[in-house]
Amino acid sequence: MIIVMKKNATEEQTENVIKWIESVGYKTHLSPGVEQTIIGAVGDNRGKEHLKFVESLSGVEKTIPILKPYKLASREVKEGNTVIRAGNIEIGGPEFIVIAGPCSIESAEQMMESAFIVKKGGANIIRGGAFKPRTSPYSFQGMEEEGLKLLRRAGDKTGMPIITEVLNTSDVDLVEEYTDILQIGARNVQNFALLKKVGKAKKPVLLKRGMMTTIEELLMSAEYILSSGNDDVILCERGIRTFETATRNTLDLSAVPVLNELTHLPVIVDPSHAAGHWKYILPLTKGALAVGADGVMIEVHPEPEKAVSDGMQSLKPERFYDLMEEIRKLEKLIRTEMKVTA
Ligand code: PEP
Ligand code: MN
């Protein structure tokens, strides 16, 4: 339920309303507006009958039910966009954010080299997998903590924030110690125990859409993280399974404007895992920018032919530099154009 406070409501009245809502078993989410303060009351239905009486408290103008099944993720609760900070980078702000790096962290040299390549190209955040979700148990599973250390060092040396995936609830504390952003991969999008656990973390979470999750299910997964106390969730479209086999997955670019309509959370696109081939990364990145994504996540490797995972979809350094040049040009063009038409 959304509680709209009167224009002249005092801080004390707002505080009283919050206390009262919490006393009947709901969590509150405060959105102090310029004109009016809005309080979101979120919880299961057990206190519903009690909650109705909030209308009689002083300072309350009206109550509106939240119609969407996801509450905290919804624009009904928060109209403005959420901007998430990682180091000195803002995701969801005016800049189109590029997260880049290898699929897997393979060695000290490979990680450091990758980090300097993505920095040189003008990326904002470095990626690298230390815990790898692989289809085959015989495939490389990741360097685990050793890899986290290498990624951390690469982040510190370049002065860039880092992101890496966590697969298990038991590893969340460890991964959080090293990384600036926690990634929940496509295969774990409905691992509810893991979502609740990263919801307790103090670092932002990038949540990838699963291969078979609907947009609403993705938002419900985000809701698990938000309702566990972590406000900093970034959504990521990374391709879904369809009948098409020409690409690894089918990039659902329409998810971007749909999500932008439904949620205040930032939305990024991963063209690498969607397409599965390096040659489609540039056009799909342009598409992501044009449809209103807040950024992209791209796999880059110093020598893709030697990569232990996802070599085919990884960009060589030169190709990455070319992509960045084109994307920054297009970004400028779109932003200038938008200013002109605004
Ligand atoms: C990844 O980003 O390393 C990854 C495994 O991606 P996804 O979860 O989208 O398959
Ligand atoms: Mn990969």
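Figures for the structure shown
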read-out: Breaking point among (1) closer than 27 Å to Pro266 by Cα; (2) assigned to a loop (DSSP other than H, G, I, E, B); (3) assigned by TED's automatic domain parsing to the domain that holds Phe131, for Glu90; value: (2)
read-out: Residues of region 158-187 satisfying the condition of being within 13 Å of ligand 1 (Cβ to nearest atom) and either charged (D, E, K, R) or assigned to a helix (DSSP H, G or I) (or both); value: Glu165, Ala186, Arg187
read-out: Residues being hydrophobic (A, V, I, L, M, F, W, C), surrounded by fewer than 17 Cβ atoms within 10 Å (Cβ to Cβ) and over 13 Å from Val77 (Cα atoms) - total across region 19-31; value: 0
read-out: Subset of region 61-94 (residues that are without any contact (Cβ under 8 Å) to a residue 60 or more places away in the chain and among the acidic types (Asp, Glu)); value: Glu61, Glu90
read-out: Selected residue (criterion: farthest from Glu244 (Cα to Cα)) from residues of region 205-217 that are in contact (Cβ under 8 Å) with a residue 40 or more places away in the chain and within 12 Å of ligand 1 (Cβ to nearest atom); value: Leu206
read-out: Region 284-315: number of residues that are assigned to a helix (DSSP H, G or I), farther than 21 Å from Gly92 by Cβ and away from ligand 1 (no atom under 11 Å from the Cβ); value: 5
read-out: Enumerated strands (runs of 3 or more DSSP E) restricted to region 188-273, each holding at least 1 residues that are within 16 Å of ligand 2 (Cβ to nearest atom), β-branched (Val, Ile, Thr) and buried (at least 17 other Cβ atoms within 10 Å of the Cβ); value: 267-269
read-out: Candidate set: region 64-104, residues that are of a type in the set (Asp, Glu) and modelled with pLDDT of 95 or more; chosen: the one nearest to Gly295 (Cα to Cα); value: Glu95
read-out: Failed item, numbered, when Ile281 is tested on (1) assigned to a helix (DSSP H, G or I); (2) closer than 22 Å to Glu90 by Cα; (3) within 16 Å of ligand 1 (Cβ to nearest atom); value: (2)
read-out: Cross-chain or 6+ apart pairs with Cβ under 6 Å, region 133-148 first and assigned by TED's automatic domain parsing to the domain that holds Thr179, then of a type in the set (D, E, K, R); value: Pro133/Arg187; Gln141/Lys132; Gly142/Lys132
read-out: Among (1) part of a loop (DSSP other than H, G, I, E, B); (2) touching a residue at least 24 places away in the same chain (Cβ under 8 Å) - the single one Ala100 does not satisfy; value: (1)
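The values are calculated or read from the model by the stated rules, or taken from the named source; none is laboratory data. Please read these numbers as outputs of a predicted model, since none were measured by experiment. Here the Cβ is made from the backbone with ideal geometry for all residues, glycine too, and neighbour counts use every protein chain on show.
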